[in-house]
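All remarks here apply to the structure that follows.
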Amino acid sequence: MFGVVVDSHQSWWADRVVHSVFDPLHLDGVGNYWRIVLASLVFHVALFRATPMVSRAVVPRVFGRLGAAEQEAWCVSVTTMVHSVTDVAFVVAYFGEPAINADRMGGYSAGLEWWLAVAMGYYTWDLAVCLADYGKYGAMYLVHAGLGVAGLAILLSRQLQYFALPYLLPEASSVFLHVRALLKLAGLSHTLAYKANFVLFLVAYVCIRIGYEAHQSWLLVVEVWHGRTAGAYRPFAVFFAVLGVTLTVLNLIWFRQIINAAYHTLAPRNKTLGSSKPGSKGRRSD
């Protein structure tokens, strides 16, 4: 799917350059998978660019009445939702992988590595979007994307791949978040489907992000604190421990916003107040 045809001499030259940059940083996996990362980046850019054309063909009335900023938000939500769905499918498929479950620090799976390279291409696109439109997305989204790129570069280097599971599984809640954004943009924010989707998002967020991910992050902090990092480059194990704590803090900050959204989404409305305000043009989240 993501194969890239390149001249053998150019490929050899490019391999040497990429390895010379990343190998001294103990990130040799980037040199091994840079073609897949690049192809995935191109794929997600193409998907983002193609979404307006597809949307005009599939939902012409909905997409046609959106303003320019809303159309961009729609395209971002579609692109990120495609990633989230495929991400969850791969993570679930490798949840019981014996190699990575037997060795939490040094276990690896070649099949999972391939997908991690694809995910790194997505997060590179995500980081570029956050940088290009920093005024809309702000520091938290930029930090989230940057940590994603850095973390995946480490995971590609055959270490700490076990923690790809708790750190990427939370994309399951993001699927419902992107569906919510699309329903809001489509003018369906007062429907039962919108409320049901929000309940599913809330349950997934609490169980996976605040529950499972935070628990696994704590276990890693304990492992690092006691020096049980054999099989992994210790500074990277420390980085992942900090990453887990940072993600937990971000999740708790976002949860405050989610509780506020839950009140406005699920609380009974006073009919005497008339119709409610239209949905915001919406930020994207992962």
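When each of Met105, Met81, Met140, Met53 is scored by the number of other beta-carbon atoms lying within 10 Å, the sequence from fewest to most is Met53, Met140, Met81, Met105.
Shape index of the range 47-110: Rg/Rh, with Rg the Cα radius of gyration and Rh the Kirkwood radius from the inverse mean 1/r over Cα pairs, equals 1.29. Applying a DSSP loop filter and a limit of 15 other Cβ atoms within 10 Å to the chymotrypsin sites (Phe, Trp or Tyr not before Pro) in the range 69-104 leaves Phe95. In the chain, the calculated helix contribution to ellipticity at 222 nm averages -24000 deg cm²/dmol per residue, counting -39,500 (n - 2.57) for every DSSP H run with n ≥ 4.
Mean projection of the alpha-carbon convex hull of the range 146-273 over all orientations, in nm²?
8.9
Against the empirical curve 2.2 N^0.38 Å, the C-alpha radius of gyration of the range 87-176 lands at a ratio of 1.12. As a proxy for reagent exposure, ranking Cys207, Cys75 by other Cβ atoms within 10 Å from fewest up yields Cys207, Cys75.
As a ratio to 2.2 N^0.38 Å, the alpha-carbon radius of gyration computed for the range 1-135 takes the value 1.27. When the alpha carbon gyration tensor of the chain is reduced to an equivalent ellipsoid, its three semi-axes come out at 35, 24, 15 angstrom, largest first.
Taken together, the values in this text are just the output of simple stated rules run on the coordinates, not laboratory data. Bear in mind the structure is a predicted one, so any value in this text is a computation, not a measurement. Because the Cβ atoms are built from the backbone with ideal geometry, glycine has one as well, and the counts that use them run over all protein chains shown.
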